[in-house]
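For reference, the structure discussed in these notes is given below.
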Amino acid sequence: MFRLSSIHSIRITRIFLSTDNIRRYYRRVVVTGIGLISPLGIGVQQSWTNLLSGKSGIRKIEKFDAYPLSNDIPCQIAGYIPNIDECLSETFTPNQIRTYSRSSLYTLLAVHEALQSSGWSGPKNDQESQRCGVAIGSGMVDFEDVINAGDRLRKNGYNRVSPHFITKILLNMPAGYVSMKYGFCGPNHSVSTACTTGAHSIGDATNFIRLNHADIMLAGGVESPIHPLSIASFCRIRALCTRYNDQPDRASRPFDQDRCGFVMGESAAIVMLEELQHALDRQATIFGEIQGYGLSADAHHITAPSEDGRGARYSMLNALKNANIEPENIGHINCHATSTPLGDQIELMAIKQLFKSSLSSLTITSTKGSTGHLLGAAGAAETIFTLLSCYHGQIPPTLNLDNPIDNEVKIAANRTYQWNNDQQQRIALTNSFGFGGTNATLVISNFIQ
């Protein structure tokens with residue numbers, strides 16, 4: 001039997017694992033469908049138009065009638081999806097509304113739009129269905145489902161606990177419902193990494209296609225978190241904005257000196273990822289390409305980022321290495337910046353450390369000024385905004401940025417900016433960071449064959 005010497009094995013491994021060879025081995029992944037419901041509107045077009053127009057999706061919290069003491073909670077604002085209850089009642093049956101979690105219903109709405117925009121009619125046979133997968137995650141369960149089930153057990157006993165309770169709170173159920181509805185028999189994956197969930201879902205799905213586990217993936221994040229208990233809990237750790245209850249549209253203010261905490265929002269954001277040749281063969285519209293994916297950990301604190309910015313810096317650096325792209329090629333970053341005093345400053349520090357020689361050609365933004373913080377859906381919604389930015393050549397504004405905390409980095413403040421017209425390929429990053437010190441960065445560009 002022929003055996004390689006250990007020296008030859010090491011040499012071959014080094015050759016195979018070099019960056020150029022990895023990039024050559026990977027299959028290219030493009031985005032051919034997008035679906036979004038957000039505080040800025042139902043549907044991608046409405047959300048994107050309102051974002052560019054400087055609209056805010058933040059408003060006063062609707063009264064929680066079952067929680068009379070909730071008026072004492074310091075934060076009284078949130079990012080609701082407008083007209084969502086009417087949309088759900090028009091789209092789903094009463095039985096679906098009763099037995100599905102709100103997150104699952106939101107996901108199905110966004111997936112429907114993503115598939116419609118893709119122009120793809122779905123798998124035609126078993127062989128094709130095995131090449132189609134789902135990667136959709138959430139950061140938290142819907143609190144109301146848990147509280148209602150607990151109250152019924154405590155007050156009325158075992159027989160009043162809904163048989164649908166478990167399937168409503170399992171975080172992989174949105175992905176499961178999508179897989180069943182559309183007959184996707186490939187990877188069925190769910191991520192729950194706090195506020196990094198959406199970005200991790202899209203990055204993982206990208207790798208499934210790159211490594212030939214699938215040709216098509218529906219990927220993204222969903223969150224339906226607005227509840228007195230979740231708001232009270234985040235207030236108790238002093239994470240939410242409490243100063244602008246009478247001016248909701250001014251509350252979320254990333255990178256501004258008067259920022260005081262994030263504003264919670266709800267959303268579902270889905271992209272259809274497709275292997276390049278598969279998309280070209282069916283002459284699909286291509287919204288952009290996922291060029292790279294980076295991950296890191298702060299390894300520092302359960303809720304606070306590392307003060308030296310290493311987690312954010314490592315995440316961006318790893319994504320650039322994965323894409324084989326130099327920092328000076330990046331023209332835009334859609335930042336994680338949530339409007340918290342510590343987090344925004346540290347992300348800016350990491351950007352300045354990594355892009356110190358090319359800051360003059362870089363424009364950053366945080367779309368959370370308009371949407372609030374969408375938690376597990378944030379990374380996916382911001383991936384869509386970054387894709388559209390590269391596709392249209394427009395960088396959306398950072399709302400409420402009146403007094404920037406830093407003047408060395410160019411921030412798109414309160415208005416839409418244009419990309420440099422000299423750049424044929426527009427390449428951007430989008431960052432997501434979550435509790436537990438988990439980080440992800442995606443490298444996104446417009447498509448050039």
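The values are calculated or read from the model by the stated rules, or taken from the named source; none is laboratory data. Note that the coordinates shown come from a computational prediction; the quantities given were computed from them, not determined experimentally. A quick note on method: Cβ atoms are made from the backbone with ideal geometry, for glycine too, and the neighbour counts reach across all protein chains shown. Accessible surface is based on the protein model in full, side chains and every heavy atom, while ligands, DNA and RNA are left aside. Shrake-Rupley method; radii C 1.70, N 1.55, O 1.52, S 1.80 Å.
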Pairs please, first residue from segment 245-266 and on the phi < 0 side of the Ramachandran plot, second anywhere and open to solvent by 70 Å² or more (accessible area, probe 1.4 Å) and of a type in the set (Ser, Thr, Tyr), Cβ atoms under 9 Å, 6+ apart in sequence or on different chains.
none
I need the full set of residues from segment 279-295 which are open to solvent by less than 60 Å² (accessible area, probe 1.4 Å) and assigned to a helix (DSSP H, G or I), in order please.
Ala279, Leu280
Checking Ala413 against (1) closer than 25 Å to Arg250 by Cβ; (2) open to solvent by 40 Å² or more (accessible area, probe 1.4 Å); (3) modelled with pLDDT of 95 or more, which single condition isn't satisfied?
(2)
Checked segment 291-316 for anything out of contact with any strand residue (DSSP E or B) (no Cβ under 7 Å at 6 or more places or on another chain) and under 11 Å from Thr441 (Cβ atoms); matches are Arg313
Just to be sure before I move on: is Thr441 assigned to a loop (DSSP other than H, G, I, E, B), buried (at least 24 other Cβ atoms within 10 Å of the Cβ), polar (S, T, N, Q) and at pLDDT 95 or above in the structure I sent?
no
Scanning segment 303-312 for residues that are in a helix (DSSP H, G or I) and under 19 Å from the mean Cα position of the chain (by Cα) gives Gly311, Ala312
For segment 419-438, which residues satisfy the criterion of being under 14 Å from Ile364 (Cβ atoms) and open to solvent by less than 10 Å² (accessible area, probe 1.4 Å)?
Ala428, Leu429, Thr430, Asn431
Any pair with Cβ under 7 angstrom, 6 or more apart, that starts in segment 144-156 at a residue that is free of Cβ contacts under 8 Å to residues at least 24 places away in the same chain and ends at one that is assigned to a helix (DSSP H, G or I)
Val146/Ile169; Ala149/Phe165; Arg152/Arg160
Being more than 22 Å from Gln116 (Cα to Cα) and not aromatic (Phe, Trp, Tyr): is that true of Ile216 here?
no
Selected residue (criterion: farthest from Gly133 (Cα to Cα)) from residues of segment 194-226 that are outside any helix (DSSP H, G or I) and open to solvent by 10 Å² or more (accessible area, probe 1.4 Å)
Ile226
Would you point out which residue out of Leu354, Leu362, Leu374, Leu348 is touching a residue at least 24 places away in the same chain (Cβ under 8 Å), out of contact with any Pro (no Cβ under 9 Å at 6 or more places or on another chain) and among the aliphatic types (A, V, I, L, M)?
Leu348
What residue, of Glu86, Glu113, Glu62, is open to solvent by 30 Å² or more (accessible area, probe 1.4 Å), in contact (Cβ under 8 Å) with a residue 24 or more places away in the chain and not β-branched (Val, Ile, Thr)?
Glu113
Inside segment 139-171, can you point out the residues that are closer than 24 Å to Cys195 by Cα, open to solvent by less than 70 Å² (accessible area, probe 1.4 Å) and not in a helix (DSSP H, G or I)?
Gly139, Met140, Val141, Asp142, Leu171
Of the residues Leu387, Leu401, which is touching a Phe, Trp or Tyr at 6+ places or on another chain (Cβ under 6 Å) and part of a helix (DSSP H, G or I)?
Leu387
Can we say Ala428 is of a type outside the set (S, T, N, Q), outside any loop (DSSP other than H, G, I, E, B) and within 13 Å of Ser389 (Cβ to Cβ)?
yes
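Can Ile364 be described as of a type in the set (Val, Ile, Thr), part of a helix (DSSP H, G or I) and open to solvent by less than 10 Å² (accessible area, probe 1.4 Å)?
Criteria not met by Ile364.
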Could you go through segment 244-254 and let me know if any residue there is among the aromatic types (Phe, Trp, Tyr), within 21 Å of the chain's Cα centre (by Cα), modelled with pLDDT of 95 or more and open to solvent by 10 Å² or more (accessible area, probe 1.4 Å).
no
